[in-house]
Amino acid sequence: MTFNFKRIDHIQLAAPKGSEEIARNFFMDLLGFTEVEKPEELKKRGGVWFAFGKCQIHIGIEEPFTPAKKAHPAFEVVNIEALEEHLTKNGVSLVKDNNLPGAKRFYVSDPFGNRLEILEWI
C-alpha cells in the first residue's frame with residue numbers, strides 16, 4: 001500500500017459551551033481570520049470555524065472543558081514584531097521564547113487558555 005500525507009486540513013481547539021462570540025472576537029477581530037460556515041449537520045454541535053489562506057482552525061465545544069496548555073498549533077507569520085505590538089496593545093499577554101534557533105517566537109493563549117505559538121523564521 002502506498003500513500004502520502006498532503007497537508008494538515010485543519011486544527012481543532014476546544015472551548016467551553018457558549019463561547020462562539022468570544023472566539024469570533026479573538027480569531028476574527030483580533031487575529032484577522034475569516035469565519036467559515038460549518039456544514040448544516042455540524043452546526044447543532046456548536047463551535048465555530050475560521051480560516052486564513054488554506055488553513056482552518058475549528059473551535060469545538062467540549063464539556064467538560066480543559067484547555068490545551070502544552071499541545072499547541074504553531075502559526076508562521078510575517079512581521080512578528082507588528083503582531084506582537086498589535087496583541088500587546090489589545091491586552092493580550094505573551095511569553096517570548098528565544099530557544100528555537102533561527103526563529104523569533106512567542107506564545108499566547110486564546111481566550112479559553114489554549115496555547116498558541118507564533119513564529120517567524122529569520
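Read the figures in this text as sums done on the coordinates, not as results from a lab. All values derive from a computational prediction rather than experimental measurement. Because the Cβ atoms are built from the backbone with ideal geometry, glycine has one as well, and the counts that use them run over all protein chains shown.
Data table
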{"read-out": "Set of lysines with alpha-carbon distance to LYS89 below 23 Å, sequence-local pairs under 8 removed", "value": "LYS104"}
{"read-out": "Straight-distance crosslink candidates among lysines, where the alpha carbon sits under 26 Å from LYS44 and sequence neighbours closer than 8 are dropped", "value": "LYS17, LYS54"}
{"read-out": "ILE118, ILE11, ILE80 arranged by Cβ crowding within 10 Å, fewest neighbours leading", "value": "ILE11, ILE80, ILE118"}
{"read-out": "Residues ARG24, ARG45, sorted so that the one with the fewest Cβ neighbours within 10 Å comes first", "value": "ARG45, ARG24"}
{"read-out": "Helix-derived mean residue ellipticity, 222 nm - over the chain, DSSP H n ≥ 4, -39500 (n - 2.57), to 500", "value": "-3500 deg cm²/dmol"}
{"read-out": "Unit charges on C-beta of K, R, D, E only; dipole of the range 1-111, Debye", "value": "320"}
{"read-out": "Local net charge near ALA103, Cβ-Cβ under 14 Å (Lys/Arg +1, Asp/Glu -1)", "value": "-3"}
{"read-out": "Max mean-square fluctuation residue, GNM over the chain, Cα-Cα springs under 10 Å, options LEU87, LEU30, LEU100", "value": "LEU100"}
{"read-out": "Normalised per residue, the volume of the convex hull around the Cα set of the chain (Å³)", "value": "154"}
{"read-out": "Separation of alpha-carbon centers, the range 94-122 and the range 8-60, rounded to whole Å", "value": "20"}
{"read-out": "Long-range amide H partners of LEU13 with built H, under 5 Å", "value": "HIS58, ILE59, GLY60"}
